[in-house]
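What follows is a single structure, written as structure tokens, with notes after it.
The values are calculated or read from the model by the stated rules, or taken from the named source; none is laboratory data. These numbers come from a predicted model, not from an experiment. In this analysis, Cβ positions are derived from the backbone assuming ideal geometry, glycine residues included, and neighbour counts consider all displayed protein chains.
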Amino acid sequence: MSNFDVDLFVIGAGSGGVRASRIAAGYGARVMVAEEYRVGGTCVIRGCVPKKLMVYASRYAEDFKDAAGFGWDVPEPRFDWTAFTRNMHKEVDRLEGIYRTNLDKAGVEIVDSRAVIEDPHTVRILKTGERIRARYILVAVGAHPTLEPIIPGGDLGITSNEVFHLKELPERILVIGGGYIAVEFAGVFAGLGSRVTLLHRGDKLLRGFDEDVRDALGAAYAHRGIDLALSRTVHRLDKVPDGIAATLSDGTVLTVDQVLVATGRRPNTANLGLEDVGVSLDEVGAVIVDGYSQTIIPSIYAVGDVTNRANLTPIAIREGHAFADTVFGDGPTMVDHELIPTAVFSTPEIGVIGCSEGAARERYGEIDVYKTSFRPMKGTLSGNHERVLMKLIVEKATDKVVGVHIISPDAGEMIQLAGVAVTMGATKADFDRTVAVHPTAAEELVTMRTPFVVKKPVDVG
Ligand code: NDP
């Protein structure tokens, strides 16, 4: 008879925790999962899902405008924030229900409470004080957005947690940051009709992305009327009668209705009992794990954003699945964090897999770069002048495509499929012998024939 109450106690019912729970239960493990907020985690409740719904909402404005060139007479459109957010929250509630049902169906017990670790095999449920003995503990508690850097009046700002619960659409919004979240929400609010200032400490958005993509996004955002305040920081925020006054590093004062701080996320490891039981954390508080997501304490594992490896939902899901396979299933399974297709849901959208041009030069030395920039067919009648950029990076020695970069409508959909080819190790010759699907924008990915000649060295991105 086992002296454990459960085989697995999972702390956190987000993407990684839910997947690990269900797969482990499928292997016959007795599983309990604790969640202090809502089942589904950041992605479902206050991340990817409601964000993407907002992105969809924001793009209608342009669709209505574009329709005129195709003969449609569209009456002055009007956006109703309250109606939209009500529908958005209804969908989030529905998905949370599905997550709960799926856990139930898998035989996983859900505990709606915060849980903390007391020793390598004991978890305390805070709501009831009950102690659960577990053979294994999985920490899948995710991360939270920060309000950093700390400045006077900084708490007047909101984060991506609160942005889904605004009572009204801000007329003027300052978005601080130049990463995924700042870029995505700047695009959302601009599309919905807010006056947007996107302020970033760097001189271009999306550090680490290919320089051509960064340039193209900056140009597109400027063209869309987003006020880009680059190479600047915010010194203080003050409540003023008509909103919030932001004093910038160049001395200017900007008055807005909301300030969205999107300067990064931090692992949720505070007060969880981790350090007390000997689990090591890194300098940002992330749980240190090995390739199998195991911490230094053999019975404690961690997956997802709390480990700060690649902070993306599909990666957390893979890590959770691999953990369950490793501990309860067919044997040790690692997740490859090397080649990850990803999309930024800016408008226009960005899709990327592999190395930027700069990183590829550093890593592979000799490379060929193929790139094209064009106005998509839809723009001819709509009068929309926005351009598409596509770029392939090819390692000269092997002819392998080691980077694909797209900024285009539907770039997220395109990169998912290009990602299959790149993951399989496709060569440029493979791309070339793939028949084009005509007329599409994506066909350009297989019709670029002449390498781009670099006239001057490019920055390492
Ligand atoms: P990111 O790490 O992507 O970006 C943070 C931004 O804030 C950077 O531009 C950074 O500047 C800036 N910043 C950091 N610290 C400071 C500071 N002290 N002062 C001023 N600026 C600062 O974080 P996000 O919060 O945007 O997103 C978190 C993660 O969530 C992402 O990395 C991504 O993995 C994931 N995510 C993925 C999405 C997707 O797949 N579509 C969507 C949303 C999030 P600098 O570049 O100079 O460091």
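If you check Lys51, Lys65 for being surrounded by fewer than 18 Cβ atoms within 10 Å (Cβ to Cβ) and not aliphatic (A, V, I, L, M), only one passes: Lys65.
Within this structure, Thr295 fails the test of being among the polar types (S, T, N, Q), away from the ligand (no atom under 15 Å from the Cβ) and surrounded by fewer than 20 Cβ atoms within 10 Å (Cβ to Cβ). Could you check the range 1-17 and list, in sequence order, the residues that are in contact with a helix residue (DSSP H, G or I) (Cβ under 6 Å, 6 or more places away or on another chain) and under 15 Å from Ala106 (Cα atoms)? Once the filter is applied, which keeps residues that are in contact with a helix residue (DSSP H, G or I) (Cβ under 6 Å, 6 or more places away or on another chain) and under 15 Å from Ala106 (Cα atoms), the range 1-17 yields Leu8, Val10. Close Cβ contacts (under 7 Å, 6 or more residues apart or on different chains) running from residues in the range 194-214 that are small (Gly, Ala, Ser) to residues that are near the ligand (Cβ under 7 Å from one of its atoms) comprise Gly202/Gly178. Taking the criterion of being without any contact (Cβ under 8 Å) to a residue 12 or more places away in the chain and touching a Phe, Trp or Tyr at 6+ places or on another chain (Cβ under 8 Å), the only residue of the range 74-88 that qualifies is Val74.
When Arg433, Arg387 are checked against the criterion of being of a type in the set (D, E, K, R) and surrounded by 14 or more Cβ atoms within 10 Å (Cβ to Cβ), a single residue qualifies: Arg387. Against the conditions (1) at pLDDT 95 or above; (2) surrounded by fewer than 15 Cβ atoms within 10 Å (Cβ to Cβ), Glu35 satisfies every one except (2). Residues that are within 16 Å of the ligand (Cβ to nearest atom), crowded, with 21+ Cβ neighbours inside 10 Å and at positive phi are absent from the range 183-205. Entry remark, the range 143-182: residues being free of Cβ contacts under 8 Å to residues at least 60 places away in the same chain and within 11 Å of the ligand (Cβ to nearest atom) number 2 in total.
Under the condition of being touching an Asp or Glu at 6+ places or on another chain (Cβ under 6 Å) and at positive phi, the residues counted in the range 223-272 number 2. For the criterion of being surrounded by fewer than 19 Cβ atoms within 10 Å (Cβ to Cβ) and within 16 Å of the ligand (Cβ to nearest atom), Leu260 fails.
Scanning the range 337-367 for residues that are part of a strand (DSSP E or B) and either crowded, with 19+ Cβ neighbours inside 10 Å or hydrophobic (A, V, I, L, M, F, W, C) (or both) yields Ala343, Val344, Glu349, Ile350, Gly351, Val352, Ile353, Gly354, Ile367. Being in a loop (DSSP other than H, G, I, E, B), more than 16 Å from the ligand (Cβ to nearest atom) and surrounded by fewer than 21 Cβ atoms within 10 Å (Cβ to Cβ) is a description that applies to Gly225. For Lys428, the criteria (1) modelled with pLDDT under 95; (2) among the basic types (Lys, Arg); (3) surrounded by 14 or more Cβ atoms within 10 Å (Cβ to Cβ) hold in every case but one, which is (1). Just name the residue that is nearest to the ligand (Cβ to nearest atom) out of those in the range 336-358 that are free of Cβ contacts under 8 Å to residues at least 40 places away in the same chain and touching a helix residue (DSSP H, G or I) at 6+ places or on another chain (Cβ under 8 Å). Only one residue tops the list, namely Ile340.
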